[in-house]
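*Asks:* Before I ask anything, let me first share the structure, which is written out below as structure tokens.
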Amino acid sequence: MALGSILVARGILTSEQLALAEAERRTTGERIEHAIARLGFAPSQRVLETLADELALPFVRLNEWAPDIETLQSIPSRLVFKLRAVPYSVGNGRLSLATSDPLRLDSFDEVRTATGLHIDLVLADDRDIADFIRTHYGVAGDVLEALGASAATSSTHAGSVNDTDSDRASGDASEASVVRLVNDLLAEAVRERATDIHIEPYEKELHVRYRIDGRLVDAGVPATIHQFRNAITSRLKIMANLNIAERRRSQDGRISLRIKGQEYDLRMSVIPMLHGEGVVLRVLSKKAVLVGLDELGMPPELLGRWDNLVQRPHGILLVTGPTGSGKSTTLYASLRRIVKGDTKAITVEDPVEYNVPGVNQIQVNHGVGLDFAAGLRAILRHDPDIIMIGEIRDRETADAAVQASLTGHLVFSTLHTNDAAGAATRLLDMGIEPFLITSTLEGVIAQRLLRRTCRACMTLREPLAGECPPDWMDGPSALGLVAEAVGCRECRGTGYAGRIGAYELLMMTDAMREEIMRRASSTTLARVARAEGALLSLRNAARTLVQAQITTPAEALASVRA
């Protein structure tokens, strides 16, 4: 009996829920228990425990068990990858095999034949099995094993005049394996919610790392991947339409991917290093551009004020923060809020990260002299209502943005400053006259991305002595219990899963304009804005997230002090 039928018979699912889960599974390609869990019909563990009970099989949690070498080596690794089943224990002529699909009984005959052992099945979650294989056999270990075998075959046949067809077949197999290896690395990055993929060559190693929730973590690939570094880089260059023969200069390109029904853009950068070419891929989900302004996690008061600012007919609105803090997402969400059929919006970006419906987007091209300033001057002749500049980097771009604002355009852009008050002083440092800043600058958002505590393993506790600033612990809005990041399988042991924005908003007032005319420091501007009620601070935003137990004190303080 199929798993779905067992769940319906046990009363865990209705027939209608099973039909919906089956339709979802066909769309995404995931396992049925994961579709059921994601749709909220039943937890995946309960589904598997029900199946285990129906089949009278033990249910085990692989993440709570450490195998020995003898157990790991009891099955050929090719069968582990092929069957998605792992050895759980071995002894007395018997092998316990952990699987998430015990109904494929004929498949386990191959294990019995290969090992000569009697097979006992135990049931485990598919994600536990995947984590186990990544940890003990490596990401894409099956593909690397096939590549190694192909390379050995080629070496054996080298120099033989009668083996041309064999060599060609081996080469074709190697090429197909490299394609699959790269696809597996990219799919794994998407599955782990990575925002960047780093491929770093060293003398005798190739490191593959994913940036997850702002932190770099090892991808867990086998050491043998080092042998295929050039093949991996060449395959990625082909996917990005780059010159595979050029290894002396840096190159940039884009890759479009479709993984489990979702569209992704990968922004690729290749740069020559001492021991080969280093590759970094920025993973951009096309769904991200569809995020609305009210979905960014802004507090209601800040959202209302920013919403009023973006509705203005002209002026400059800036978003500031370090690289990777979500500035582009905020800008795109703001554009989507105000771009309608009766407005024309044009952007100049380097690079264009997302395609926004209804917005004319221009890609900076330094090779032909199309930089931010040149692009901005050109698009003013296209009668736009709204202009977005990817970043104000220099005096020329700042001048062009100011002139665009003075001539009746609403201008959005980003700036690299530590806080919102620093935006005005940064423009002053660039050489913009104070009276031009006071005439055009309307508001500034500064933001950070803070890691969310994992809901699966988070615990609550009293704050430790000295852990939080004194003002966070006093008054009617004292913190109370705070979140503790513990770590579990769901969050790769980090204690965090996903990120949320912390925002600071500064709105211009007459008193602040007077201070800018005096070329006041950012500290003075922040103090005046706070006194005027025109500053919603980043520090208070971080405190609110800690108080709501969305993040931990350590994460909040590390982020807002950066």
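The values are calculated or read from the model by the stated rules, or taken from the named source; none is laboratory data. Quick caveat: nothing in here was measured; it's all calculated off a predicted structure. Don't worry about glycine lacking a Cβ; one is built from the backbone with ideal geometry, like all the others, and counts go over all protein chains shown. All accessible areas refer to the heavy atoms of the entire protein, side chains included, with ligands and DNA or RNA removed. Shrake-Rupley method; radii C 1.70, N 1.55, O 1.52, S 1.80 Å.
*Asks:* Pull the list of the chain cysteines that no other Cys approaches to under 4.7 Å, Cβ to Cβ.
*Replies:* Cys with no partner Cβ under 4.7 Å: Cys468.
*Asks:* Let me cross-check Asp294: its accessible surface, 1.4 Å probe, with only protein heavy atoms counted, in Å² to the nearest 10?
*Replies:* 100
*Asks:* Highest first, please rank the peptides 458-467, 419-428, 71-80 by the mean number of other Cβ atoms sitting within 10 Å of their residues.
*Replies:* Numbers: 458-467: 11.6, 419-428: 23.9, 71-80: 17.7.
Sorting 458-467, 419-428, 71-80 by mean packing, highest first, produces 419-428, 71-80, 458-467.
*Asks:* Mean separation of Cα pairs under 8 Å and 6+ residues apart, divided by the residue count of region 3-139: what relative contact order is that in percent? Write down the numbers at each step before the final one.
*Replies:* Working: 163 pairs, mean separation 29.1, N = 137.
Result for region 3-139 is 21 percent.
*Asks:* Kindly list the residues of region 187-226 that lie in the label zone of Met273, defined by a backbone N under 14 Å from the point 7 Å along the Cα-to-C-beta vector.
*Replies:* 197-211, 217-219, 226
*Asks:* Setting aside same-chain residues fewer than 8 positions from Lys82, which lysines have a Cα under 21 Å from its Cα?
*Replies:* Candidates past the 8-residue exclusion: Lys260.
*Asks:* State in Å² the accessible area per residue of region 10-120; use a 1.4 Å probe, count heavy atoms of protein chains only, and round to the nearest integer.
*Replies:* Numbers: 5850 Å² over 111 residues.
Per-residue accessible area for region 10-120 comes out at 53 Å².
*Asks:* Considering every Cα-Cα pair within region 10-118, what fraction, in whole percent, is farther apart than 20 Å? Before the final figure, lay out the partial values.
*Replies:* On the way: 2923 of 5886 pairs.
Value for region 10-118: 50 percent of Cα pairs lie more than 20 Å apart.
*Asks:* Just to make sure I understand: if all protein chains stay in place, what is the order of Tyr137, Tyr210, Tyr202 by accessible area at 1.4 Å, largest first? The partial results should precede the final answer.
*Replies:* Numbers: Tyr137 35, Tyr210 0, Tyr202 95 Å².
Largest accessible area first, the residues go Tyr202, Tyr137, Tyr210.
*Asks:* Suppose each label sits 7 Å from its Cα in the direction of the beta carbon; what would the Glu203-Gln45 distance come out to in nanometres?
*Replies:* 4.7
*Asks:* Can you check what the Kirkwood hydrodynamic radius comes to for region 302-394, Cα pairs only, in Å to one decimal?
*Replies:* 14.0
*Asks:* Taking R0 as 60 Å, what's the FRET efficiency between Ile500 and Thr113 from their Cβ-Cβ distance, rounded to 0.05?
*Replies:* Once rounded, the FRET efficiency stands at 0.70.
*Asks:* Further question: Please give, to one decimal in nm, the separation of the simple spin-label points placed at Thr28 and Arg461, each 7 Å out from Cα toward the Cβ.
*Replies:* Taking the simple label geometry, Thr28 and Arg461 are separated by 3.3 nm.
*Asks:* Extension gain Lys287-Glu490, at 0.36 nm per residue separation less the Cα-Cα distance, in nm?
*Replies:* 70.8 nm
*Asks:* What whole-number value in Å² describes the accessible area per residue of region 196-278 for a 1.4 Å probe?
*Replies:* Numbers: 4500 Å² over 83 residues.
Result: 54 Å² of accessible area for each residue.
*Asks:* Using a 1.4 angstrom probe and counting only protein chains, how large is the accessible area of Tyr264 in Å², to 10?
*Replies:* Accessible surface of Tyr264 is approximately 30 Å².
*Asks:* Follow-up question, since we're still on this one. Using a 1.4 angstrom probe with every protein chain in place, what is the largest-first accessible-area order of Met273, Met512?
*Replies:* Result, largest first: Met273, Met512.
*Asks:* Roll a 1.4 angstrom probe over the protein heavy atoms and tell me the percent of accessible area of region 396-506 that is carbon or sulfur.
*Replies:* Details: 2190 of 4280 Å².
Reported share for carbon and sulfur atoms: 51 percent.
*Asks:* Under a Cβ-Cβ cut-off of 13 Å, what is the net charge of the residues other than Gly480 that fall near it, where Lys and Arg count +1 and Asp and Glu count -1?
*Replies:* 0
*Asks:* To the nearest 10 Å², what's Lys286's accessible area with a 1.4 Å probe?
*Replies:* Answer for Lys286: close to 80 Å² accessible.
*Asks:* Here's a follow-up. Suppose all protein chains stay in the model; what accessible area per residue would a 1.4 Å probe give for region 341-440, in Å²?
*Replies:* Working: 4150 Å² over 100 residues.
Accessible surface, normalised per residue, equals 41 Å².
*Asks:* Kindly state, to the nearest 0.05, the FRET efficiency for Arg94 paired with Glu16, given R0 = 45 Å and r defined as their beta-carbon distance.
*Replies:* That gives a FRET efficiency of 0.60.
*Asks:* Quick one: if you stick a label point 7 Å off each Cα along the C-beta vector at Glu514 and Asn365, how many nm between them?
*Replies:* Modelled inter-label distance: 5.1 nm.
*Asks:* Write down the Kirkwood hydrodynamic radius of region 1-51, to one decimal in angstroms, obtained as one divided by the mean of 1/r over all alpha carbon pairs.
*Replies:* 10.5
*Asks:* Please find the FRET efficiency linking Leu406 to Ser521, where r is the Cβ-Cβ separation and R0 is fixed at 22 Å, and quote it to the nearest 0.05.
*Replies:* Details: r = 26 Å, r/R0 = 1.17.
Using R0 = 22 Å, I get an efficiency of 0.30.
*Asks:* Of all DSSP beta bridges located in the chain, what percent are antiparallel, nearest 5?
*Replies:* In the chain, approximately 65 percent of DSSP beta bridges are antiparallel ones.
*Asks:* In addition: What area, in nm² and to one decimal, does the C-alpha convex hull of the chain cast on average over all directions?
*Replies:* Result: a mean projected hull area of 33.3 nm².
*Asks:* Next question, about the same structure. Where the accessible area of region 60-136 is counted over protein heavy atoms with a 1.4 Å probe, how much of it, in %, is carbon and sulfur?
*Replies:* 46
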